[in-house]
Every structure is written in C-alpha cells, then in structure tokens.
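Pasting a structure below so you can have a look.
The values are calculated or read from the model by the stated rules, or taken from the named source; none is laboratory data. The structure displayed is predicted, hence computed values, not measured ones. Neighbour counts run over all protein chains shown; Cβ positions are idealised from the backbone, glycine included.
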Ligand code: ATP
Ligand code: MG
C-alpha cells in the first residue's frame with residue numbers, strides 16, 4: 001500500500017498565498033513520481049482571521065493541526081497587525097506546543113544566483129544552521145523591580161537544561177554524519193556569559209567525544225558572525241542557542257544569497273508532534289498579489305518536509321530540479337533578474353520533478 005503523509009497547509013498572508021500553491025504543485029509531482037500520497041488539510045488562518053476574530057487561529061487550533069504529520073506554511077504577518085500578534089498567536093504556540101526544538105536553515109549558494117560576498121562560488125557556501133528553538137535566552141522568566149524609581153532594574157533569565165543542550169547537539173552531530181564534510185561548529189560566548197555558555201561548551205565537548213569521526217570547532221558569536229561573511233567556506237553544520245542561532249539563522253541565508261530561495265524547518269525529530277516547514281522570507285506586502293514573487297524558498301521547504309517524512313529520494317529530486325533550473329537559466333522571477341511569474345517557476349519545477 002502506498003505511503004500516505006498527512007499535511008496541514010497554511011498559506012497565511014501576502015505572498016504565502018502565492019508560494020504555497022506552487023509548493024503544493026511540486027510536492028504533488030514528487031508524490032506521483034515516487035509513489036506516495038499526500039493527504040492535504042487546508043487552513044486559512046492569517047492576519048485576516050485575526051482582524052475578524054481577534055485570534056490568529058481558533059482556540060483549539062493546535063489540536064486541529066495535531067493529527068497531521070507536518071505543517072506546510074507560507075508566511076504570516078501583515079501591516080497593521082503587530083508582529084508579536086502573528087508570532088505569539090500562531091508560530092510560537094506551534095513551536096512550543098509541538099516541541100519543535102530544532103530550527104534548521106540550510107545556507108547554500110545556488111548556481112546562477114548571486115551572493116553579496118564578492119568572488120564566492122557555490123563551492124564556498126554550503127552550510128546549515130541548527131538553532132535550539134525552545135529554551136536558552138528566550139525565557140519568559142525575569143522582571144522589572146522598583147519601576148520608575150532611581151533603583152529601577154530589569155533582569156531576564158536564560159535557561160539551559162542538560163536535556164535541551166544535549167538534544168540539539170545530538171541532532172547537529174547526527175546531521176553532520178550525513179554530510180560530506182562532517183564538521184560541527186558551536187556558537188558560544190563563554191568569555192562574557194560566564195554560567196550558561198561554559199555549560200553549553202561543556203555539553204558540546206561531551207557530545208563531540210561521542211562522535212570521533214566529526215571535526216569540531218567553536219567561536220564566540222561576535223567573531224563567528226564575522227567569519228560567516230569572510231570565511232563562509234569554513235562551515236558545515238553550525239549549532240547555536242536560541243538567541244545565537246536566531247542571529248546566525250538570518251545572517252546565514254543572507255550570505256547565501258536571495259531571500260526568495262531560502263528554506264527553513266522547525267522540527268520535532270522524534271516525530272511525536274508535527275514539524276513545520278516554511279520559507280525564510282515573510283509575507284512581502286510590497287509584491288503580494290502580483291504573481292511575481294519567487295516560490296523557490298517555499299518549494300525547497302517542501303523538499304525539507306519530504307526528507308523529514310522519510311521521502312529522501314523525492315526530496316533530492318526537488319533539490320536537483322531547483323539546482324538545474326537555476327544553473328541552466330530556466331525561468332526566474334524578478335528578484336533573480338528574470339521576467340517569469342511565480343507560476344512559471346512552479347510549473348517548470350513540477351515538470352522537472354515529474355520527468356526526473
Ligand atoms: P517578516 O514577515 O519575516 O518580518 P519582512 O517583512 O522583514 O519579513 P519579507 O516579507 O521577507 O521581509 O520581505 C523583505 C523583502 O524581500 C521585500 O522587499 C520583499 O519584496 C522581498 N522578498 C521576500 N520574499 C520574496 C520572494 N519570495 N520573492 C521575491 N522577493 C521577496
Ligand atoms: Mg515584516
């Protein structure tokens with residue numbers, strides 16, 4: 001019997017409504033060619049929902065998603081709705097409720113696209129940022145004392161648990177085992193943050209000892225950011241805490257080139273809950289509704305989803321189709337200097353995946 005994957009589809013706002021259909025078009029082509037079924041369940045939750053109902057999703061929203069294997073999301077956010085509403089009303093509840101403790105951002109320069117780093121080629125930029133997604137610096141613990149008085153002060157705690165550190169590091173090392181260069185770099189700041197970061201370093205060293213086949217190094221976050229720009233070729237898998245990983249997760253795709261191409265994943269590796277796949281870009285109100293946005297970030301996110309669902313061959317076929325389209329001068333949208341529409345690119349990639 002053919003395998004069936006249940007996917008919750010949330011286009012969200014702005015260009016998400018245009019990229020998600022192209023993502024689905026390519027996923028459908030992959031499903032036909034590789035012989036699995038996709039059972040789609042559509043949700044129209046967005047900032048419009050918020051304006052109508054005062055909520056980004058219904059109260060039992062997570063329960064509605066829970067029966068799916070994965071969530072395929074476009075983008076959420078729209079002018080007039082504060083970012084914290086779209087974030088805390090949908091994305092963060094999903095991340096926390098489904099214990100998506102790994103955030104993944106591949107940073108890969110594709111042939112035929114441009115990086116802001118002069119002289120760099122695809123051979124130089126091919127790394128992946130693994131961010132801890134549930135604890136660390138982004139805790140809700142802290143407070144303000146003596147407000148409005150000269151003695152006023154504010155604190156915010158960072159929480160690093162052994163379980164939390166070990167599971168993200170284990171994921172990073174296992175991921176490195178699947179890659180050619182087999183290297184893990186840790187982002188730290190143990191010279192300035194003197195309790196949590198030395199602990200992070202300690203957990204990293206202990207995990208590294210269990211993977212003798214993996215090369216490791218570590219850098220303080222400040223110089224690491226500089227190295228991303230000056231020596232992107234040094235990196236393979238880069239693991240960071242919630243805050244440092246967040247910073248690197250924006251810097252990495254930026255050095256790798258176009259925002260329209262970059263994919264991301266929020267993963268619960270145990271598959272106890274749905275994982276979520278979405279492009280790095282936002283809802284891009286400036287170009288929404290014009291059929292000109294680049295759907296590749298969404299399509300690549302779909303490939304990551306298939307990989308997570310165990311469809312590695314299908315995932316590789318999509319990535320291969322993207323690389324060939326970009327390398328061989330296939331249709332491209334304006335952000336990449338072309339004239340093609342969003343749908344032109346989606347159709348070309350679906351066709352390439354179908355034909356192999
Ligand atoms: P967020 O919703 O995460 O806050 P943002 O508003 O900071 O996102 P984006 O929505 O990603 O940023 O848009 C940033 C810029 O990149 C915009 O000018 C937008 O037009 C462009 N852009 C984003 N995504 C795409 C895409 N898929 N294709 C073409 N251009 C894009
Ligand atoms: Mg925005």
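Looking only at region 68-104, which residues are without any contact (Cβ under 8 Å) to a residue 60 or more places away in the chain and surrounded by fewer than 17 Cβ atoms within 10 Å (Cβ to Cβ)?
Residues satisfying the conditions are 80, 82, 83, 84, 87, 88, 92, 93, 96.
Of 177, 207, which residue is more than 23 Å from residue 251 (Cβ to Cβ), in contact with a helix residue (DSSP H, G or I) (Cβ under 8 Å, 6 or more places away or on another chain) and modelled with pLDDT of 95 or more? Give the derivation first.
Details: 177 fails: in contact with a helix residue (DSSP H, G or I) (Cβ under 8 Å, 6 or more places away or on another chain).
Residue meeting the stated conditions: 207.
Taking only pairs six or more apart or across chains, which ones have beta-carbon atoms under 8 Å, a first residue in region 328-354 that is farther than 12 Å from residue 293 by Cβ and in contact (Cβ under 8 Å) with a residue 40 or more places away in the chain, and a second residue that is assigned to a loop (DSSP other than H, G, I, E, B) and within 16 Å of ligand 2 (Cβ to nearest atom)?
Correct list of pairs: empty, since none qualify.
Just to be sure, is residue 4 in a strand (DSSP E or B) and not assigned by TED's automatic domain parsing to the domain that holds residue 231? Working first, answer last.
Details: in a strand (DSSP E or B): yes; not assigned by TED's automatic domain parsing to the domain that holds residue 231: yes.
Here the answer is yes, as residue 4 does meet what is asked.
Spot the failing condition for residue 239; the list is (1) surrounded by fewer than 20 Cβ atoms within 10 Å (Cβ to Cβ); (2) away from ligand 1 (no atom under 11 Å from the Cβ), and only one is missed.
(1)
Considering (1) crowded, with 22+ Cβ neighbours inside 10 Å; (2) within 16 Å of ligand 1 (Cβ to nearest atom); (3) under 22 Å from residue 274 (Cα atoms), say which one residue 18 fails and leave the rest.
For residue 18, the exception is condition (3).
Those residues that are farther than 18 Å from residue 277 by Cα, within 16 Å of ligand 2 (Cβ to nearest atom) and assigned to a loop (DSSP other than H, G, I, E, B), I need them from region 57-82; list them, please.
Once the filter is applied, which keeps residues that are farther than 18 Å from residue 277 by Cα, within 16 Å of ligand 2 (Cβ to nearest atom) and assigned to a loop (DSSP other than H, G, I, E, B), region 57-82 yields 79, 80, 82.
Quick one: how many residues across region 32-67 are touching a residue at least 60 places away in the same chain (Cβ under 8 Å) and surrounded by fewer than 22 Cβ atoms within 10 Å (Cβ to Cβ)?
6
Residues that are in the same structural domain as residue 135 (by TED's automatic domain parsing): find the strands (runs of 3 or more DSSP E) completely inside region 223-303 holding 2 or more of those.
Values: elements: 237-240, 263-267, 275-279.
Once the strands (runs of 3 or more DSSP E) in region 223-303 are filtered for at least 2 residues that are in the same structural domain as residue 135 (by TED's automatic domain parsing), what remains is 237-240.
To continue, here is another question. Filter region 279-306 down to residues that are more than 10 Å from ligand 1 (Cβ to nearest atom) and within 17 Å of the chain's Cα centre (by Cα) and give me whichever is surrounded by the most Cβ atoms within 10 Å (Cβ to Cβ).
302
Sort out which residues of region 163-179 are free of Cβ contacts under 8 Å to residues at least 12 places away in the same chain and in a loop (DSSP other than H, G, I, E, B), and write them in order of number. Working first, answer last.
First, pick out the residues of region 163-179 that are free of Cβ contacts under 8 Å to residues at least 12 places away in the same chain: 163, 174, 178.
The answer is 178, and nothing else.
Quickly run through region 11-56 and pick out the residues that are part of a strand (DSSP E or B) and within 16 Å of ligand 2 (Cβ to nearest atom). I'd like the intermediate steps shown before the answer.
Step one: list which residues in region 11-56 are part of a strand (DSSP E or B), which gives 11-12, 36-42.
The answer is 12, and nothing else.
Looking at region 63-84 only, could you name the residues that are more than 22 Å from residue 260 (Cβ to Cβ) and within 12 Å of ligand 1 (Cβ to nearest atom)?
The answer is 81, 82, 84.
Being touching a residue at least 24 places away in the same chain (Cβ under 8 Å), within 16 Å of residue 265 (Cα to Cα), more than 16 Å from ligand 2 (Cβ to nearest atom) and over 18 Å from the mean Cα position of the chain (by Cα) narrows it down to one residue among 323, 311; which is it?
That would be 311, the only listed residue that is touching a residue at least 24 places away in the same chain (Cβ under 8 Å), within 16 Å of residue 265 (Cα to Cα), more than 16 Å from ligand 2 (Cβ to nearest atom) and over 18 Å from the mean Cα position of the chain (by Cα).
Out of curiosity, is residue 192 at positive phi, modelled with pLDDT of 95 or more and assigned to a loop (DSSP other than H, G, I, E, B)? Even if it seems obvious, please write down each step before you answer.
Details: at positive phi: no; modelled with pLDDT of 95 or more: yes; assigned to a loop (DSSP other than H, G, I, E, B): yes.
So residue 192 fails the test.
Quick grid of which residues meet (1) closer than 30 Å to residue 230 by Cα; (2) touching a strand residue (DSSP E or B) at 6+ places or on another chain (Cβ under 8 Å); (3) surrounded by 12 or more Cβ atoms within 10 Å (Cβ to Cβ); (4) not assigned by TED's automatic domain parsing to the domain that holds residue 199:
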site: 122; (1), (2), (3), (4): yes, yes, yes, no
site: 127; (1), (2), (3), (4): yes, yes, yes, no
site: 141; (1), (2), (3), (4): no, yes, no, no
site: 147; (1), (2), (3), (4): no, no, no, no
site: 161; (1), (2), (3), (4): no, no, yes, no
